[in-house]
Amino acid sequence: MVNRYYSKVIIIVAILFFSIFSVTANPNDQSEIVQKFGDIPPPNEINRVLSSGPVADVLLLSVAPNKLVGLSSLSLSPQQKKFFSPAIQNLTMTGRLAGRGTTASYEKIIQLTPNLIVDIGNITPTYVDLAKQVEKQTRIPYLLINGKLSSSPQQIRQLSHILNNDEQGSALAQYAEKVLKQTKDIGNLTSNNQAIKVYSARGPDGLETGLRGSIHTEVLDWIGAKNVAEQAGQNIITRVSIEQLMLWQPDVIIISDRNFYAKVSKDPLWQRINAVKEGRVYLAPSLPFGWIDGPPSINRLMGLSWLSHILYPQNMSKEQFTANIVEYFKLFYNYQLSTDELKQILTPEPL
């Protein structure tokens, strides 16, 4: 009996051990939130953080803006700068390290003398290999964070803890938890329980879109809308044809490019899509960053409230939506948004 008891104890301890150290044991597992490469300094010793790309730029601007050595690839326009302090407005461009269009060399990274490099997005073997390579070549610790929308609270809390900013991180994470809870499958609360078919039009011609499970269309998936492009595959951005859109016939089209939005209603081909013909086309807000995906960082929390209100106003009232957006600007940008400013930020009425 005693031996059997101790055997059970040993098994339980072993399970706990491997659970605790699963991040180190399996660096390609996307279920993990944070993966570390190199020796991460103690929180009180990290005062210079290098962002690897635009997704990390956006999160770091809210979690620890005073520790950023610069912005990797976000060149702030005058319209964007107004929401940030002079210190943020004057941040230099450091170059993009991860993703498409790499512009940061190892020499430049070393010259910037960061204590830590932070990358946020999909955790795939490609990005894991990049993290390992950069850490090996520069000897600068590298943090790789899973950027899934659903893990926003965990991203915020863990990054804030590593950067010695727990108090700020707790407030931001609580907001993320609230909005995620408010909007999860909000479309299913409607009486007919029929998902609205949505097409997310990206690019200057509207023919680029994210497929099911893509980080670029997670807002649609989370609120319970039906991404019409899910039939074309999963997890990536792809191009589609206007003929395919005519077959899909989305109920609503969300556009990210302002110039394309201005001309779509006059295009005879797009007029053959009922959503365009009947004026169910919306321009996604884009200040200070895109609310649906541009870039796909924590700014998408605003997109959850906005799209929920656009598609399901009976479930997300204007008052609740407005309160969520004003609170986001206060917490994440330390900016008190006025009623007039919110009106200017919000998209035009449907065409």
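The values are calculated or read from the model by the stated rules, or taken from the named source; none is laboratory data. Just so you know, these numbers come straight off a predicted model, no measurement behind them. Positions of Cβ are backbone-derived with ideal geometry, glycine not excepted, and every protein chain shown enters the neighbour counts. SASA here: full protein model, heavy atoms, side chains in, ligands and nucleic acids out. Shrake-Rupley method; radii C 1.70, N 1.55, O 1.52, S 1.80 Å.
Residues in segment 89-121 that are assigned to a loop (DSSP other than H, G, I, E, B), under 22 Å from the mean Cα position of the chain (by Cα) and surrounded by fewer than 18 Cβ atoms within 10 Å (Cβ to Cβ): 4 in all. Against the list (1) under 30 Å from residue 181 (Cα atoms); (2) open to solvent by 40 Å² or more (accessible area, probe 1.4 Å), the condition residue 133 fails is (1).
Only one entry in 170, 160, 214 is over 17 Å from residue 306 (Cα atoms) and assigned to a loop (DSSP other than H, G, I, E, B), namely 214. Comparison of 76, 60 shows that the only residue that is in contact with a strand residue (DSSP E or B) (Cβ under 6 Å, 6 or more places away or on another chain), within 14 Å of residue 333 (Cβ to Cβ) and buried (at least 18 other Cβ atoms within 10 Å of the Cβ) is 60. All of (1) closer than 20 Å to residue 223 by Cβ; (2) modelled with pLDDT under 95 hold for residue 320 with one exception: (2). Taking each residue of segment 171-187 that is without any contact (Cβ under 8 Å) to a residue 24 or more places away in the chain and looking for partners that are of a type in the set (A, V, I, L, M, F, W, C) and crowded, with 17+ Cβ neighbours inside 10 Å with beta-carbon atoms closer than 8 Å, six or more apart or interchain, yields 173/156.
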